[in-house]
Structures are given as structure tokens and as C-alpha cells.
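Here the structure is laid out as C-alpha cells; the discussion comes afterwards.
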Amino acid sequence: MIRMAALSKFTRTVAVIALAAAATAAQAQPAWPGKTLTLVVPYTAGGTNDTLGRTLGDILRQAYGTATIIENKPGAGGSVGTETVARATPDGTTLLLASTSPLTIFPNLVKTSYDPMKDLVPVASVAVGPVGILATKALPVSTFAELVDYAKQHPGKVTFGIPGLGSVAHIGMAALNKQVGIEMLQVPYRGGSQAVSDGLGGQVDLLVVNTDIVLPHVAAGTLKPLAVMAPQRLAPWPDVPTMAELKLPNIRYFSNFSLFAPAGVPPEVMKTMRDEIAKALANPQYQQMLEKNSMQPGTGIGDDFAKQVRTDYENNQRIIRESKIQVQ
């Protein structure tokens, strides 16, 4: 009996030690990312989102052995892929990787099956694709101030090409028109490349497009950059001011590539997720990728970024309503 009691006590002791060891191991393992992470991209394959996702995925794989799957779900201005994540299991294994447009612009233009302010949680801004305002050679202006003066002297005559209706360029220029008190006319295209082609051909006076596609033309002197709608100046254009430097801080329209999670992710998982994403964004491999693709660092992470998204949503809602913007 004594030997049985001793054995039972020994067994209990071993069990307690095993549980303690398991708990310690669990604490040592991050609550995120786990073995597989799916990044849903609400656009076709081959774009900037793929580049960002694959670089982040490679960094996480090297650090934790995490396999990252890029799942392209294009359609309806990005709302198809966005809805997929909004309805996903909130365990941190499925994230949306997209510009903020499907959350801050598109739901203010059409009715969506998801509420971007309730069904998704901002995780981090991972990169900025700057948008520039550029004059074609035919427009007799060389600075943003000269553009404003010229537009006031020729109301309704200055045209600007944009990548499409509902784009950040579209809403940003509507906000600019209203705030500065000018009337320039939009010419929407099916993508930035087509807009640039027509701009070079003299069909429009201005181009409002992502800066990466016009760098060669600026270097060749065929386009004149007047301002950038981005958080900071571009390295290739050190003399071109940001909108904030032009005393227009509310005109902050750029491709803000970001990560969003479905609402309901446990707080401890969300904290670890944000901490590990912050480490990945600071990785030299990631920084080199940004520089190579003419992108700037993201604008924030966690609560700070969530406030940005809420502010952008409300500002876009106001501009779309006041400017009576509609898309077909």
C-alpha cells in the first residue's frame, strides 16, 4: 500500500511537471502566425500586393517556418476578396492584404455585404504607393501654386487623367478641387498605364497616378511632377513637395497597402500578430524590397493605424457625398 501510494504521488508529480513544461513551451511559442497563413488579395495576380505578400511570407517562413499562401479573389472593386476575409474564422490565419480602398472608399460608393468598420480590424499599414500630380508638357505650369492659379483662371478647362472611377486619385482630386476652390475635370481610364499614354500624347493636361509608373518619363523630362499625395517626399524627386508641405494635410490620398483581420480575433493573438508584423516590416529584406519597387514605409500599426482608417473612411464619405460622386 505504501509503495502504491508513493507511486501514485510520483505519477502526480510527473504529471504536474509535464503540464508546467507544456505551459512554458506554449508561452515560448508565439500565438501567431502558426504553420500556415493565408493572405487574401482582392485583385488579380501579379500586382504590388503579391510582391508585398510574398516578401512578408518569406520573412515569416524564415523566422517561424510558416507557409504563406497568396489567394487572389478579384471582383467588384475589391469587395469580393474583402468579404471573404470579413466572413473568415477569426483565428488570425486569414488576413486581407490590400490597399485601403475596399474599406474606406468603395463602401461609400456602393452597398456592400460587409461593414468595413465592424467586420474587419486594421492590423498594419505595410507600404505606401505614392500618388503624384504631374503636368504634361503642354500645360504652362511648373509648380503646384502655378497650377492652382492657372486652374482658377481657366475654370472647367484643366483635365486630369486618373486610373479609374472610385480610385484614390479620383477621390483625392475631388477633395483637392473642393478645398482649394478650383474646378478641374477628371478623365477616368482603365488603369494608370493607359492614363499615362494619353497624357504623353497630349489628351489630358495632368496625370494623377502612382509614381512608380511615371519615374522614367519624369527623368526624360516629358512629365513635370508638381506634388506628391504621400506622407513623405520621393527620393527621386527631392524638390517636389508633399500636400502637407503645401498646407493641405487633409489631402492624403495614396495606395496604402495594409493588412486587415476579421473581427473577433482573440486579443492575445492580435497583439502577437502586430508585434511580429512590426518585426517583419523592419527586416532589411523587406526594406530593400520597398526601395526596389519605389514604395515608402507603411503609415502605422495597431491602434494608430485603426484611427487612420476610421478618419479616412469618414473623410471619404463626406467628400463623396458633398461632391455627389457616383460610379456605374
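The values are calculated or read from the model by the stated rules, or taken from the named source; none is laboratory data. The shown structure was predicted, so the numbers you read here are calculated from the model rather than taken from an experiment. Neighbour counts are summed over all protein chains in view; Cβ atoms, including those assigned to glycine, are modelled from backbone coordinates with ideal geometry. Areas reflect the complete protein model, heavy atoms only, side chains present, ligands, DNA and RNA absent. Shrake-Rupley method; radii C 1.70, N 1.55, O 1.52, S 1.80 Å.
Look at the alpha carbon pairs under 8 Å that are at least 6 residues apart: their mean separation over the length of the chain gives a relative contact order of 25 percent.
Could you give the dipole magnitude of the stretch 160-301 about its Cα centre, charging the beta-carbon of Lys and Arg +1 and that of Asp and Glu -1, in debye to the nearest 20?
140
Would you work out if the stretch 163-245 is rounded, prolate or oblate? Take a ≥ b ≥ c from the square roots of the eigenvalues of the alpha-carbon gyration tensor; rounded if a/c is under 1.5, else prolate when a/b is larger than b/c, oblate otherwise. List each step's numbers first, then the result.
Working: a/c = 1.65, a/b = 1.05, b/c = 1.58.
Oblate, because a/c is 1.5 or more while a/b does not exceed b/c.
Could you look at the stretch 178-305 and say what percent of its accessible area is carbon and sulfur, using a 1.4 Å probe and all protein chains? Each step should come with its number before you reach the end.
On the way: 3060 of 6080 Å².
Here carbon and sulfur together make up 50 percent of the probe-accessible area.
Could you pull out the pairs from LYS152/LYS292; LYS111/LYS271; LYS73/LYS279; LYS279/LYS307; LYS247/LYS307; LYS35/LYS73 whose alpha carbons sit more than 30 Å apart here? Walk me through the numbers before you get to the answer.
Working: LYS152/LYS292 39 Å; LYS111/LYS271 32 Å; LYS73/LYS279 27 Å; LYS279/LYS307 21 Å; LYS247/LYS307 22 Å; LYS35/LYS73 22 Å.
Those over the limit are LYS152/LYS292; LYS111/LYS271.
Could you tell me which of rounded, prolate or oblate describes the stretch 213-328, using a ≥ b ≥ c as the square roots of the eigenvalues of the alpha-carbon gyration tensor, with rounded for a/c under 1.5 and, failing that, prolate when a/b is larger than b/c and oblate otherwise? Oblate.
For LYS178, the solvent-accessible surface with a 1.4 Å probe is about 110 Å², rounded to the nearest 10.
Pairwise Cα distances in the stretch 70-144 exceed 17 Å in 54 percent of cases.
Placing unit charges on each Cβ (+1 for Lys and Arg, -1 for Asp and Glu) gives the chain a dipole about its Cα centre, and among ALA135, LEU176, VAL309 the Cα reaching farthest toward its positive end belongs to VAL309.
Taking the convex hull of the alpha carbon positions in the chain and averaging its projected area over all directions gives 19.5 nm².
Think of the stretch 197-328 as having a plus end and a minus end, set by charges on the Cβ of Lys, Arg, Asp and Glu; of PHE254, VAL214, VAL327, VAL327 sits farthest toward the positive end of this dipole.
Take ARG321: with every protein chain present and a 1.4 Å probe, its accessible area is about 150 Å². The residues of the stretch 177-297 expose on average 47 square angstrom of accessible surface per residue, using a 1.4 Å probe on protein heavy atoms.
Membrane-span-like helices of the chain, defined as complete DSSP H segments with a Cα extent of 18 Å or more along the helix axis and a mean Kyte hydropathy of at least 1.0, are identified as 2-28. In the chain, taking the dipole from charged Cβ atoms about the Cα centre, the farthest positive-side position among GLY161, LEU281, GLN296 is held by LEU281. A simple charge model with +1 on the Cβ of Lys and Arg, -1 on the Cβ of Asp and Glu and nothing else charged puts the dipole of the chain at about 720 debye relative to its Cα centre.
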